[in-house]
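The values are calculated or read from the model by the stated rules, or taken from the named source; none is laboratory data. Not measured: the values here are computed from a predicted model. We place every Cβ from the backbone using ideal geometry, glycine too, and count neighbours over all the protein chains shown.
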Amino acid sequence: MAIHAEAQERNDRLQALNPAILAALSPLGRRAFSPKGIPFQAIQSKGCRINATVGQITDGAGNPFPLAPLAEKLSALNPRDAFLYSPVGGREPVRKAWHAKHVKEDARMEAVALPMVTSGICHALSMGAELFFSPGDTLILPDLYWDNYEQIFQVGLEGRFKGFPFYNAHGTFNLEGLAEALAAEPGKAQVLLNFPSNPSGYSPTTGELAAIAEVLVEAARNRPLVVYCDDAYHGLVFDPDAATKSLFFELLERSPNLIPLKCDGITKELSFFGGRVGFLTFGTAREATAILMDKCMGLMRSRIGSPSSLSQLLTEIELADPRHEGEFERLRLLMAARYRALKTALARPTRNWKVFPFNAGCFCLLELRPGLDAEAIRQRLIHEESVGVVSQGDRYLRIAFCSMDEAAVVPLIQALDRVCEGS
Ligand SMILES: Cc1ncc(COP(=O)(O)O)c(C=O)c1O
């Protein structure tokens, strides 16, 4: 398909700035650009005496006409912010607040441009993937992964997975497996890493994180390497040895061939699951990032138009509140208590399963003994014990301790043991 002159102009600039990024783009990523259409023209007309650009109903002075039931519920909020369109790439205050949160966590983030707002983390991942992932491409990732990656990269984008065992023989992250998978993939490569992990609940130590970064930097020596950092569970860490920082920070300014993408959001970090505010942060140099964001805005407009203003506004309010950090810590401590209860309950010996090492996030993963079928056990747990867990593959069961009370931990493990014994 022919490339629009505007997209070509962006691609030419990328070629001059960093050819590895252009080489990494998918055909859609090369075609994408933000057109000089309605949102662009509306921004140019901002401040005009009469602004007849955007298709949103206002009083002519920039104020919306909210309907009474909504206006009553949202009366504490500025109606312009709550009811009118968000910019396509997201509201500047929320982008700045999220960026500032990262800078506070790690000064290396100062070099990074503001993130793009998405409609949830899944959307940040799929939009990043649309930019770089072509049909037939391979995604390298550990064998224990969130099932939705299959929908994004295989079903949606017609790619293949190259897995490697998540853990090594010592029960820590399988660095060698990652390095081997990368070595076996010639040319442009793409890796997805999710820490703390869904489903395993594992976060590497600080040392492991640095070693993973070394492997990725080395693998990017002679070719473009896109790294999708899925940080959905960022901050939910319960073991003092587990890294609280993102792998993304370790990848900044390490190599022009390395293209790190940070996908995160308010879903778990602000415990605002229905808010649907995610962020896509590019770990590339600022000028190149501006072009990638322009391309994303084209994709954004064609997919969802623009993100929800209201949820962004609420996110801004939460992040600006002096209670925010304390509130998150309260949540983390609640989760930590459940985590410890689960660790204790799972420490009791059983012949029925092995527990994968976990120290963070919302989940733990059990590998059932040979002869037990995970889906059959899951069904029996529902029908005989009124207990719901998730089966993954033939042998794994995932327990989401985020969604159960601490007092339910022991009854759940006892019920599971009963069902396994009787199977
Ligand atoms: C690993 C991982 N990434 C991304 C997401 C998606 O987050 P969101 O609900 O914001 O799209 C989830 C949600 O469960 C997840 O587990």
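Quick look at the numbers
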item	result
Looking only at segment 195-223, and only at residues there that are in a loop (DSSP other than H, G, I, E, B) and farther than 23 Å from C362 by Cβ, the one that is farthest from the ligand (Cβ to nearest atom)	N222
Residues located in segment 35-93, provided they are surrounded by 10 or more Cβ atoms within 10 Å (Cβ to Cβ), in a helix (DSSP H, G or I) and at pLDDT 95 or above	L70, A71, K73, P79, R80, D81, A82, F83, E92, P93
Qualifying positions in segment 103-136 - in a helix (DSSP H, G or I), surrounded by fewer than 22 Cβ atoms within 10 Å (Cβ to Cβ) and either touching an Asp or Glu at 6+ places or on another chain (Cβ under 9 Å) or not assigned by TED's automatic domain parsing to the domain that holds S306 (or both)	V103, R108, A111
Segment 243-287, residues that are touching a Ser or Thr at 6+ places or on another chain (Cβ under 6 Å) and within 16 Å of the ligand (Cβ to nearest atom)	K262, I266, F273, G275, R276, V277, G278, L280
Considering residues of segment 156-172 that are outside any loop (DSSP other than H, G, I, E, B) and within 16 Å of the ligand (Cβ to nearest atom) only, the residue farthest from G207 (Cα to Cα)	G156
In segment 224-239, residue nearest to the ligand (Cβ to nearest atom) [restricted to those that are farther than 15 Å from K262 by Cβ and outside any strand (DSSP E or B)]	L236
Qualifying residues in segment 344-394 (those that are small (G, A, S) and more than 17 Å from A415 (Cβ to Cβ)) - the one surrounded by the most Cβ atoms within 10 Å (Cβ to Cβ)	G361
Of all residues in segment 137-150 being assigned to a helix (DSSP H, G or I) and not polar (S, T, N, Q), the one that is farthest from the ligand (Cβ to nearest atom)	E150
Residues satisfying the stated conditions in segment 88-134, i.e. basic (K, R) and over 22 Å from F40 (Cα atoms)	K101, K104, R108
Qualifying residue in segment 290-306 (condition: part of a loop (DSSP other than H, G, I, E, B), buried (at least 19 other Cβ atoms within 10 Å of the Cβ), within 16 Å of the ligand (Cβ to nearest atom) and not acidic (D, E))	no
Flag if G201 is touching a residue at least 40 places away in the same chain (Cβ under 8 Å), within 19 Å of Y339 (Cα to Cα) and touching a Cys at 6+ places or on another chain (Cβ under 7 Å)	yes
When residues of segment 353-379 are limited to those that are among the basic types (K, R) and more than 15 Å from G201 (Cβ to Cβ), the one farthest from the chain's Cα centre (by Cα)	R369
Members of segment 50-101 that are free of Cβ contacts under 8 Å to residues at least 60 places away in the same chain and on the phi > 0 side of the Ramachandran plot	G60, G62
Residues being more than 12 Å from the ligand (Cβ to nearest atom), farther than 15 Å from S86 by Cβ and in contact with a helix residue (DSSP H, G or I) (Cβ under 7 Å, 6 or more places away or on another chain) - total across segment 100-128	8
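To keep it simple, each residue is scored yes or no on (1) under 20 Å from G298 (Cα atoms); (2) hydrophobic (A, V, I, L, M, F, W, C); (3) more than 18 Å from the chain's Cα centre (by Cα).
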position	(1), (2), (3)
A52	no, yes, yes
G62	no, no, yes
D81	no, no, yes
P93	no, no, yes
T138	no, no, yes
L144	no, yes, no
